[in-house]
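Novice: Got a structure here, written out as structure tokens. Questions coming.
The values are calculated or read from the model by the stated rules, or taken from the named source; none is laboratory data. Predicted, not measured: the structure shown is a model, and the values here were computed from it. No Cβ is skipped: glycine too gets one built from the backbone with ideal geometry, and neighbour counts run over all protein chains shown. We work out accessible area using only protein heavy atoms, side chains counted, and drop any ligands, DNA or RNA first. Shrake-Rupley method; radii C 1.70, N 1.55, O 1.52, S 1.80 Å.
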Amino acid sequence: MVPESRCSSTNGDPTPDLLTFLSTWRLDPVAVVALVVAGGLYGGSVGMLRRRGIRWPPLRTLAFFALGLGSFAVVQFGFLGAWSTELRWAFTTRIALLLFAVPGLLSLGSPVQLGRAALAGLPLRMLEAVLRSRPVRIMGTAVFAPLFALAAFSVFLTPLAGSLRESAVAGDLITVVVPLIGLVMVLPIVEHTTQRASFFITVEFLLVFVELVADAIPAIMIRLNAHVLDMVGPVLGALPSWFPTRLHDQHLSGDFLWFIAEVADVPILILLFIRWSRIDRTEARSLDDLSDEEMDALTREHLRGPRE
């Protein structure tokens, strides 16, 4: 639980000590429901495969529950969730981790591949229709994630961030909606649910390198600004000795957000490189399978260029 011992001084350490960070917790009913639903769907799918005599890799199950759902529980029930209303840096860090870290760890369990293996008939067709839908295909490109992060993190530069931080309804929506958006962005890249040409992957590479800098701009502005951007007044009542001033709280928010925004782009680049390598090998094999006559015809068609 959140420690009861408080003092009014704000001149102590700017962040809590490790023991306070690790021992602070709260119960979040919405997060409990999300954990039960996600764990039930995954575990039920594994059970369906087992009844058919199909063995699902235990390491993937362990990764989904221990790393994926475990990280979600730590964020929601731990210090970041407990102090998300009072601390700007806890609020922004919580959102950034729910958007990038939690979905990335959940994807290690290959939930899409599991769903395709476990489902049949109408449920499977519905899943495939969702994966092929235009919104999912757009959000599943490596370009979308940094652009979305840039737009989402820009909200922290406005008074809207303060309203969201103090709203219980907004907090509950963030708990569910933000990880879902993160999953829609991450899973198509990790599990190759969409087919891309090597040229398209190359373009994604170039754009992601540009956005590697762009999506950190809101965090840098938060860190360097000398005014409280969300317009929320100081927290009233007795506070721990480590509790920061409003401006320092904002600067810490920018620091953590900047770090997470930069680190989150690295796995995307790695995944793009892996996917490009696989697609390039596939395209090379398809060309090797062509006969000499087919290759000559393809070369002539390429040299002729687009027809009028």
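Novice: Separation between the Ile220 and Glu128 pseudo-spin-labels, each 7 Å from Cα along Cα→Cβ, expressed in nm?
Specialist: 4.6
Novice: Show Leu147, Leu124 ordered by accessible area, largest first, where the area counts protein heavy atoms only and the probe is 1.4 Å.
Specialist: Largest to smallest exposure gives the sequence Leu147, Leu124.
Novice: Under a point spin-label approximation (7 Å from Cα along Cα-to-Cβ), what is the Arg51-Val176 distance to one decimal in nm?
Specialist: 2.7
Novice: Using heavy-atom solvent-accessible surface (probe 1.4 Å) with all chains present, what is the largest-first order of Leu49, Leu160?
Specialist: In descending accessible area the options line up as Leu160, Leu49.
Novice: Indicate the gyration tensor shape class of segment 34-145 (rounded, prolate or oblate), computed on the Cα atoms with a ≥ b ≥ c the square roots of the eigenvalues: a/c under 1.5 is rounded; otherwise a/b larger than b/c is prolate and the rest oblate.
Specialist: Oblate is the answer for segment 34-145, as a/c is 1.5 or above yet b/c matches or exceeds a/b.
Novice: Quick one: pull the percent of accessible area on segment 115-172 belonging to carbon and sulfur, 1.4 Å probe, ligands and nucleic acids left out.
Specialist: Roughly 73 percent of what the probe reaches on segment 115-172 is carbon or sulfur.
Novice: With every protein chain left in place, what is the accessible area of Leu164 in Å² (1.4 Å probe, nearest 10)?
Specialist: The accessible area of Leu164 comes to roughly 60 Å².
Novice: Accessible area per residue for segment 45-179 in Å², computed with a 1.4 Å probe and the full protein assembly in place, what is it?
Specialist: About 44 Å² of surface per residue is accessible.
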